[in-house]
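Input: a single structure, listed below in structure tokens.
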Amino acid sequence: MLQQFFMLCSGADTDILKTCSKGEQNKYAGIGATVFFTAVMAFIASAYALFTVFDNIYTSIFFGLIWGLLIFNLDRFIVSTIKKSDSFMSELLQATPRIILAIIIAIVISKPLEMKIFEKEINQVLLEEKNSMTLANKEQIATLYNPKTEQLKADILGLKNEIIAKETETNALYDTYISEAEGTAGTKLLGKGPVYKEKRDKHDAALAELQYLKQKNVEKISALEAQIAALDLEYADQVTNTQPIIDGFDGLMARINALDKLPWLPSFFIFLLFLAIETSPIIAKLLSPKGAYDYKLEDQESAVRTWVTQKVGQREKVLETDSLLNHKIYSEIAEEEEIYKYKKQKAEELLRLQANAFHEGQVKSL
């Protein structure tokens with residue numbers, strides 16, 4: 001039962017194979033088994049590749065099954081269309097396009113399996129790329145907010161410097177009127193005279209201005225700090241909202257690119273393995289000698305070809321004979337006088353009817 005199934009997978013004519021030896025049947029069963037298991041590997045590879053795209057196991061299995069059946073049909077077609085002949089170069093020439101197609105299929109099948117085999121290494125590469133992308137994303141978003149934040153901080157620093165300058169001025173006035181009172185500066189008269197009172201009034205006025213300035217600037221600084229806090233919060237929201245996009249950077253294309261960054265030699269050997277599996281049925285048919293199945297198939301096809309060629313030749317002869325007979329018959333009819341007179345009479349009657357109809361039409365139009 002299993003042998004019959006694998007013989008069917010090989011694309012060979014099972015009716016002819018049943019009349020061949022066991023060795024011939026085993027050869028084509030082996031070819032069919034290779035075709036079948038290649039399709040199974042294609043199903044597994046495509047299902048995994050599609051799972052990285054859809055993140056749904058049922059969808060991946062469904063489309064993976066379709067892809068596996070497609071590869072099975074292609075391989076079966078490739079093997080079944082290679083015909084054995086007496087010339088190896090002729091066989092190689094007809095197998096060359098099929099070998100190229102087999103190489104393409106091997107690449108398509110091996111790549112997803114390579115991603116699964118080197119999944120841990122790919123995840124490490126993706127993690128490094130995600131970290132780099134996260135830092136770059138933060139820096140890029142920061143370029144949108146840093147100029148505003150720096151400007152606000154500069155405004156705050158300006159308001160603080162304004163207070164410091166006013167404090168310095170007020171302290172200087174304080175030192176001036178104290179020195180006047182102590183007699184160490186100014187008039188150098190000890191006591192609180194008119195000059196002292198004047199300087200004290202200047203200090204008090206400056207102190208009142210300082211207190212008003214502090215109150216006003218503190219309110220402005222609070223407002224500016226609130227704007228900075230709002231910008232920082234908006235920046236954090238932007239980073240938080242864009243981070244899931246970076247975290248989801250592990251699709252099929254990203255994994256293929258990450259795989260290309262790994263050492264090429266292991267991937268190359270895996271590709272060679274699948275290339276050997278994919279091309280083995282073709283190579284087996286090319287290298288194997290012409291067997292009983294090939295002779296019987298050739299005999300059957302040549303019989304059909306001969307029969308069709310004979311039928312086509314007979315139809316061409318019938319057509320040629322019929323054309324000659326028709327030409328001879330109508331040539332003889334054209335020479336008969338009675339037929340000539342009869343056709344002339346009918347033509348004259350038709351002309352009379354046409355002339356009468358034209359005349360009647362002209363009369364009615366008047």
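Would you mind checking 83/311; 22/285; 130/153 for any pair whose Cα atoms are more than 27 angstrom apart?
Details: 83/311 25 Å; 22/285 17 Å; 130/153 32 Å.
Violating the 27 Å Cα-Cα cut-off are 130/153.
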If you split all Cα-Cα distances of the chain into 20 Å bins from zero, what percentages do you get per bin, shortest first? 16, 21, 16, 16, 15, 9, 5, 2, 0
Among 232, 155, 15, 294, which comes first, then next, by fewest other beta-carbon atoms within 10 Å? 15, 232, 155, 294
Counting Lys and Arg as +1 and Asp and Glu as -1 over every other residue whose Cβ sits under 12 Å from the Cβ of residue 107, the net charge comes to -1
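Give me the Kirkwood hydrodynamic radius of region 54-126 in Å, from all C-alpha pairs, to one decimal place?
15.0 Å
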Over all pairs of different Cα atoms in region 238-300, the reciprocal of the mean inverse distance gives a Kirkwood radius in Å of 16.5 Å
So for region 250-362, what percent of the C-alpha to C-alpha distances run longer than 17 Å? 82 percent
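Given the DSSP H assignment, sum -39500 (n - 2.57) over each helix run of at least 4 residues in the chain and divide by its residue total; what's the result at 222 nm in deg cm²/dmol, nearest 500?
-31500 deg cm²/dmol
Please compare each pair in 27/84; 27/116; 138/216 to a cut-off of 25 Å on the Cα-Cα distance and tell me which ones are over it. Write down the numbers at each step before the final one.
Details: 27/84 14 Å; 27/116 33 Å; 138/216 36 Å.
Too far apart for the 25 Å limit: 27/116; 138/216.
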For residue 111, the lysines lying under 16 Å Cα to Cα, once residues fewer than eight places off in the same chain are dropped, come out as 120, 261
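Translational diffusion coefficient of region 308-365 at 37 °C, 0.692 mPa s, Stokes-Einstein with Kirkwood Rh over Cα pairs, in µm²/s as a whole number. Show your work: numbers first, answer last.
Details: Rh = 15.5 Å.
Roughly 212 µm²/s, to the nearest whole number.
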The FRET efficiency for residue 143 and residue 178, from their Cβ-Cβ distance with R0 = 56 Å and rounded to 0.05, is 0.60
Using packing as a proxy for protection, rank 201-209, 27-35 so that the peptide with the highest average count of other Cβ atoms within 10 Å comes first. 27-35, 201-209
Difference of contour (0.36 nm per residue) and Cα-Cα distance, residue 290 to residue 231: 13.1 nm
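Only the coordinates and a few stated rules stand behind these numbers; no lab work does. Just so you know, these numbers come straight off a predicted model, no measurement behind them. Glycine also receives a Cβ, built like all others from the backbone with ideal geometry; neighbour counts cover every protein chain displayed.
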